[in-house]
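Report on one structure; see the data block that follows.
The values are calculated or read from the model by the stated rules, or taken from the named source; none is laboratory data. This structure is a prediction, so every number in the text was calculated from the model and none was measured. When we count neighbours, we look across all protein chains shown, and the Cβ atoms used for this are built from the backbone with ideal geometry, even at glycine. For accessibility, only protein heavy atoms count, side chains too; no ligands or nucleic acids. Shrake-Rupley method; radii C 1.70, N 1.55, O 1.52, S 1.80 Å.
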Amino acid sequence: MNSSKHAAKKAADAKPRRSPGDSAANKTRRTILFAVAVVLIIGAIAGFAIYRDRMAPFNAIVLDVDGTSINMRYFLKRVAMSGEPSLTTLQALTKEEIIKQSVTKPPYDIAVTEREIDQFAREIARGKNKAIENGEFQEWYRQQLNESRLSDAEFKDLLRTRLLGLRMSEYLGDRVPTIAEQVFVHMFPLKDFAAGNEVKQKLDAGQDFAALARQYSVDSKLKENGGVVGWIPRGVLDPGFDNVAFELEVGRSSDPMYIGKQTVVVIMISDKVAAREIDAQLLNVIKSKALDKWLKEERQYHKVKYRGFKNGYDTETDAWVQWQLQRMKQ
């Protein structure tokens, strides 16, 4: 029994005893570890704040077409590259996405190869010249990347999209009917809507359309020929014109109306035919508009969503875009 107590006492005496210095060192280590943890937490919070304020906006989605998204970083490049208002660029990007997603599928099945994209780029670089040396093309290509800020992959994708659009325009143009309903149009532009109302009153009173065209027209050619335009099929001028012109009775004049956003005109129809060969020049105009017409019809089959930081592409988002565009110019 005594030997057991003696052995236990020896074991207890053998354990190292903590000195006051050891306790102070442990306390110092705990303080340091706590301070490091606080610094790391503060750093993480600051890092998140920097990411949220400076980096995250560039990754925000601006446009979504059928699940394909375009982020703010690419959008800014394209706005700066185009020089157009941001909303105009947003609409252009929407059309591009619809083209990419639609024309490569039946019934169109339009495709372009990497070689065709390269040839297309060389045609653009060559301009009106008959040929371009490879070194000149490479320099032009580098300059395009520098000025646009696009990556090589982004620039090639843009070229591909434009080439697809051209091919689709040709596809649609080849299928435009060459015979169509037409009206014989007499028309002249006026300086403003008040002048249009004045002309309309005189026409309703029985005055001659040609005489009034020579008096009021602000277009010299139409002033000289008394407002004679000729045979016009649908699709040459804007839809508003078609809606009025093809509903007018022969010999009747229209109320003053806008063609485009600023031009005020008065029109009269002197003849109509259900089917007539379209003039070659006017046919080319209709063909050039075929892609835009198709895009307007095609859009209804796609889910398009404009997005931004809060409530879609709102004024706050656009203000931030304008700020970034100014910074890019500096």
What accessible area, in Å² to the nearest ten, does a 1.4 Å probe give for E147?
-> 120 Å²
Report D157's accessible area, 1.4 Å probe, all protein chains in place, as a number in Å² to the nearest 10.
-> 50 Å²
Roll a 1.4 Å probe over the protein chains and send me the accessible area per residue for region 158-258 in Å².
-> 52 Å²
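Loop-only chymotrypsin sites (Phe, Trp or Tyr not before Pro) in region 236-267, please: DSSP not H, G, I, E or B, and at most 14 other Cβ atoms within 10 Å.
Taking region 236-267 and a limit of 14 other Cβ atoms within 10 Å, no loop chymotrypsin sites (Phe, Trp or Tyr not before Pro) are found.
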So, with a 1.4 angstrom probe, what is the percent of accessible area on region 221-330 that is carbon and sulfur?
-> 49 percent
Heavy-atom surface of region 55-106, accessible at 1.4 Å and reported per residue (Å²) | 40 Å²
Of K200/K221; K128/K329; K287/K329; K200/K287, which pairs sit farther than 32 Å apart, going by alpha carbon to alpha carbon?
-> K287/K329; K200/K287
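Given a 1.4 Å probe and every protein chain left where it sits, what share in percent of the accessible area of region 50-140 is carbon and sulfur?
It is 50 percent, rounded to a whole number.
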Quick one: net charge of L63's neighbours, Cβ under 9 Å, K/R +1, D/E -1?
-> 0
Give me the accessible area of M268, 1.4 Å probe, in Å² rounded to the nearest 10.
-> 30 Å²
Three-way shape label, region 82-121, alpha-carbon gyration tensor, a/c 1.5 | oblate
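Of K261/K310; K95/K296; K95/K303, which ones are farther than 20 Å apart at the Cα?
Cα-Cα > 20 Å for K261/K310; rest within.
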